[in-house]
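Written below as structure tokens is the structure these notes are about.
The values are calculated or read from the model by the stated rules, or taken from the named source; none is laboratory data. Fair warning: this is a prediction, and the values are worked out from it, not measured in the lab. Note that each Cβ is placed from the backbone with ideal geometry, even for glycine, and that neighbours are counted across all protein chains shown. Quick note on the areas: whole protein, heavy atoms, side chains included, nothing else; ligands and nucleic acids left out. Shrake-Rupley method; radii C 1.70, N 1.55, O 1.52, S 1.80 Å.
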Amino acid sequence: MKETAAHTIYSYKLLYRFRWRFVGYLFQLLLIGLSLISHSFLLQVPAYTLIVTLAILPVIPICHLVLFRLYALLRGHKPKTTADMLVSPWWGAGYPLPIPLSVYRGSELTVIAGSMAIAAGAFVWLSKGYALTLITGTLIVALPRLLALLASFRQPSRSRVKYEDRGVAFLLTDG
């Protein structure tokens, strides 16, 4: 006798899609430029001398990815790292299948709060220019995550989240 396995097929209805597009990246670049100008006024140095402090910015996405992977490892989830790592505001971190809203919120809150805590901890060890660039850069780089997290609070609690290229989709099962 041959046994048949029961299969469940889910279909999802798209509730809301949050995408960080070209305008979002330009907005982040504008904010980084404005932060350099404000740092130059605060530190009373020319802005062009602070351009070298931008070298600390690549640390932030690495920190995001490590915190995301650590959260997923501690919670026993199966994350995936995608090839869009260099162009995504999520830095390639995500899950292969739609996840519950609570898991999404937990991972995003961990990444945002953890990266801010790391930046605040490093603040005392760095020179003022690098420290200010790290703190403001962390806020600016986390902006897409934070806005998507805020958008998640408008969704029903039983909805699910799918990580996509350059964004997230909030879905609801029909069955």
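State which residue is modelled with the highest pLDDT when the search covers only region 1-15 and only residues that are open to solvent by less than 80 Å² (accessible area, probe 1.4 Å) and closer than 30 Å to F153 by Cβ. Within region 1-15, the match that is modelled with the highest pLDDT is L15. Within region 110-120, can one find any residue that is without any contact (Cβ under 8 Å) to a residue 60 or more places away in the chain, touching a strand residue (DSSP E or B) at 6+ places or on another chain (Cβ under 9 Å) and of a type outside the set (D, E, K, R)? There is at least one residue in region 110-120 that is without any contact (Cβ under 8 Å) to a residue 60 or more places away in the chain, touching a strand residue (DSSP E or B) at 6+ places or on another chain (Cβ under 9 Å) and of a type outside the set (D, E, K, R).
Here is a yes/no grid of residues against (1) open to solvent by 70 Å² or more (accessible area, probe 1.4 Å); (2) out of contact with any Phe, Trp or Tyr (no Cβ under 9 Å at 6 or more places or on another chain); (3) at pLDDT below 90:
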residue: G121; (1), (2), (3): no, yes, no
residue: V124; (1), (2), (3): yes, yes, no
residue: L149; (1), (2), (3): no, no, no
residue: R154; (1), (2), (3): yes, no, no
residue: R158; (1), (2), (3): yes, yes, no
residue: V161; (1), (2), (3): no, no, no
residue: R166; (1), (2), (3): yes, no, yes
residue: L171; (1), (2), (3): no, no, no
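With within 12 Å of the chain's Cα centre (by Cα) and not in a helix (DSSP H, G or I) as the only criterion, which of V168, V161, V111 stands out? Sole residue among the options that is within 12 Å of the chain's Cα centre (by Cα) and not in a helix (DSSP H, G or I): V168. Inspection of region 36-46 identifies no residue that is open to solvent by 20 Å² or more (accessible area, probe 1.4 Å), in contact with a Phe, Trp or Tyr (Cβ under 7 Å, 6 or more places away or on another chain), part of a helix (DSSP H, G or I) and farther than 30 Å from S159 by Cα.
Residues in region 47-65 that are within 14 Å of W91 (Cβ to Cβ) and β-branched (V, I, T) were compared, and the one that is least open to solvent (accessible area, probe 1.4 Å) is I60. Kindly evaluate G24 against the criterion of being closer than 22 Å to A151 by Cβ and surrounded by 19 or more Cβ atoms within 10 Å (Cβ to Cβ). No; evaluated as a whole, the condition is false for this residue. Here F68 clears all of (1) under 30 Å from L172 (Cα atoms); (2) open to solvent by 80 Å² or more (accessible area, probe 1.4 Å); (3) outside any loop (DSSP other than H, G, I, E, B) except the condition numbered (2). Applying the condition of being assigned to a helix (DSSP H, G or I) and out of contact with any helix residue (DSSP H, G or I) (no Cβ under 8 Å at 6 or more places or on another chain) to region 124-158 and asking which residue is nearest to W90 (Cα to Cα) yields L147.
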